[in-house]
Amino acid sequence: MMNTVSISPKFQVVIPRQIREDMKLRPGQKLQALNVGGVIQLVPIMSIEDAYGFLGPCDEPFVREKQDRKF
């Protein structure tokens, strides 16, 4: 399904409901607008609390010291 939006005279757009629900967007939430090769991308700005655990667990052990590395 193609989600189409229109630009209002005040240059506002409404994010389609299905995308808002899928992305769990909230009223008042901040988004960063990016121009990536002529494509507009809206990226949610997450607080530290929201970002905690965002990437999931890391399966590789953290290696800090050079002598502990496997090469």
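Read-outs: derived from the displayed coordinates by stated rules, not from any lab. Treat the numbers as computed from the prediction; the structure is a model and nothing was measured. All Cβ positions, even for glycine, are placed from backbone atoms using ideal geometry, and neighbour counts span all protein chains on display.
By a straight-distance test (C-alpha under 18 Å), which aspartates and glutamates pair with K24 as possible cross-link partners, with residues fewer than eight away in the same chain excluded?
K24 reaches E49, D50.
What is the local net charge at M46, summed over the other residues whose Cβ is closer than 15 Å to its Cβ (Lys, Arg +1; Asp, Glu -1)?
Taking every other residue near M46 into account, the sum is +1.
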